[in-house]
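Engineer: One structure is given below, represented as structure tokens, and several questions about it will come after.
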Amino acid sequence: MQPSKSFRVDDFIAGWIGGECSSVTDTPSLRTRLQAGKGYKSTLHCILTIYKKETVAGFFKGMSFPLASITVYNSAVFGFFSNIQRLISNYRYGDGWHPCSMLDLTVASMLTGLMSVGLGAPVDLVKIRLQMQTQTVLAENLHFAGNVSNGTNIPLRSVSIPSQQLYRGPIRCISSILQTEGLQGLYRGAGAMILRDVPGYTLYFIPYAIFCDLLRPDATSSPHPCSILMAGGLAGSISWVTATPADVVKSRMQADAQLQRKYRGILHCIIHSYKTEGVQVFFRGASVNAIRGFPMSATMFLTYELSLRFFRGL
């Protein structure tokens, strides 16, 4: 066995390129508002409300940090997944380039999901806190308006809502979380993210491999770019739709700020959300996820595969 020959840096570089290209096709994030926000009757109502109250800038709130880090994240995910496949093949068959079985791909996908949480949980937390801060400030002031220390009710119209934001950017957000919640605060919702990403990446890489096999003309030829595009898009939609319930819980846990902590843990979040809003709450943003997941994943897989072919001279 020669495991060192199984490790390839070009997988990480190709993942970096794919992340750059997929970020261009990403749509402004509505799912956080739908899943963790209040007062939105539908996706269309959410879009109109954000535009009316916050203009176009509201759709991009909190997106600078994840867009800047998505290249690093995808580089780590795709590089890790490809190299862990070869490590498994090297261990099981004595050849790192031996074709993986479905079990091998499943194990590699699940391990990739676990790895992604360590890198992705703080990024998602900062993104969600930045996206939700306007609504959080409003809620805090409305709560104050009806509940003052001497028990006197103050009319809502007499209370001025401060215009300043809780966080003035990702760095200030990270600093504030570390000061108020400690290092563990950056990983709030990580448990729910594990519930999302371990099965989510399994239903990401496995369908992609299956669709590529179905769409290729024969077993010996490489998939056509159009096949890669279709397989990647379908895999992305399947993964994001099936991961939506866990994604709702994760978003709510991460949007749950220290000032007025609502959820004591994952189970409490699930039970509370179900009791107050019904089972449909766990499927909020599913349509957005399906639509958003197709072009992003299609672009990601296509540029990743084409980059690898270029690097390896195929």
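Engineer: Being at pLDDT below 95 and under 20 Å from Arg196 (Cβ atoms) is the requirement here; does Asp26 meet it?
Structural biologist: Yes; evaluated as a whole, the condition is true for this residue.
Engineer: In segment 264-293, what residues are polar (S, T, N, Q) and free of Cβ contacts under 8 Å to residues at least 60 places away in the same chain? Break it down into steps so the answer makes sense when it comes.
Structural biologist: So the first thing to find is which residues in segment 264-293 are polar (S, T, N, Q), and the list is 273, 276, 280, 287, 289.
Ser273, Thr276, Gln280, listed by residue number.
Engineer: Quick check: is even one residue across segment 201-210 more than 20 Å from the chain's Cα centre (by Cα) and over 29 Å from Ile271 (Cβ atoms)?
Structural biologist: yes
Engineer: How do the pairs read when you match residues in segment 172-183 that are of a type in the set (Asp, Glu) with residues anywhere that are open to solvent by 40 Å² or more (accessible area, probe 1.4 Å), using Cβ under 8 Å and keeping only pairs 6 or more apart or on different chains?
Structural biologist: Every condition considered, the pairs that remain are Glu181/Gln258.
Engineer: Report, by residue number, each residue of segment 69-87 that is open to solvent by 30 Å² or more (accessible area, probe 1.4 Å), among the hydrophobic types (A, V, I, L, M, F, W, C) and under 12 Å from Ala108 (Cβ atoms).
Structural biologist: Phe80, Leu87, listed by residue number.
Engineer: Would you check if there is a residue in segment 285-298 being outside any helix (DSSP H, G or I) and farther than 22 Å from Phe78 by Cβ?
Structural biologist: From segment 285-298, those outside any helix (DSSP H, G or I) are 285; that's our starting set.
Add one more test, that the residue is farther than 22 Å from Phe78 by Cβ, and what stays is 285.
Taking every residue of segment 285-298 in turn, at least one turns out to be outside any helix (DSSP H, G or I) and farther than 22 Å from Phe78 by Cβ.
Engineer: Now for a different question. Look at segment 202-240 and say how many of its residues are within 21 Å of Asn83 (Cβ to Cβ), small (Gly, Ala, Ser) and open to solvent by 20 Å² or more (accessible area, probe 1.4 Å).
Structural biologist: The number of residues fulfilling the criteria is 2.
Engineer: Continuing with this model, one more query. Report, by residue number, each residue of segment 241-264 that is at pLDDT 90 or above and open to solvent by 20 Å² or more (accessible area, probe 1.4 Å).
Structural biologist: Val241, Thr242, Pro245, Ala246
Engineer: Quick one: Leu267 ticks every box in (1) at negative phi; (2) at pLDDT 90 or above; (3) open to solvent by less than 50 Å² (accessible area, probe 1.4 Å) bar one, so which box is it?
Structural biologist: Among (1) at negative phi; (2) at pLDDT 90 or above; (3) open to solvent by less than 50 Å² (accessible area, probe 1.4 Å), Leu267 violates only (3).
Engineer: When segment 239-273 is examined, which residues are found to be farther than 23 Å from Ile174 by Cα and either touching a helix residue (DSSP H, G or I) at 6+ places or on another chain (Cβ under 7 Å) or in a loop (DSSP other than H, G, I, E, B) (or both)?
Structural biologist: Ser239, Trp240, Val241, Thr242, Ala243, Thr244, Pro245, Ala246, Cys269, Ile270, Ser273 - these are the residues of segment 239-273 that are farther than 23 Å from Ile174 by Cα and either touching a helix residue (DSSP H, G or I) at 6+ places or on another chain (Cβ under 7 Å) or in a loop (DSSP other than H, G, I, E, B) (or both).
The values are calculated or read from the model by the stated rules, or taken from the named source; none is laboratory data. In this text, all values refer to a predicted model and were calculated from it rather than measured experimentally. Quick reminder, even Gly has a Cβ in these numbers, built from the backbone with ideal geometry, and neighbours come from all protein chains shown. To get the accessible areas, we keep the full protein, side chains included, count just its heavy atoms, and leave off ligands, DNA and RNA. Shrake-Rupley method; radii C 1.70, N 1.55, O 1.52, S 1.80 Å.
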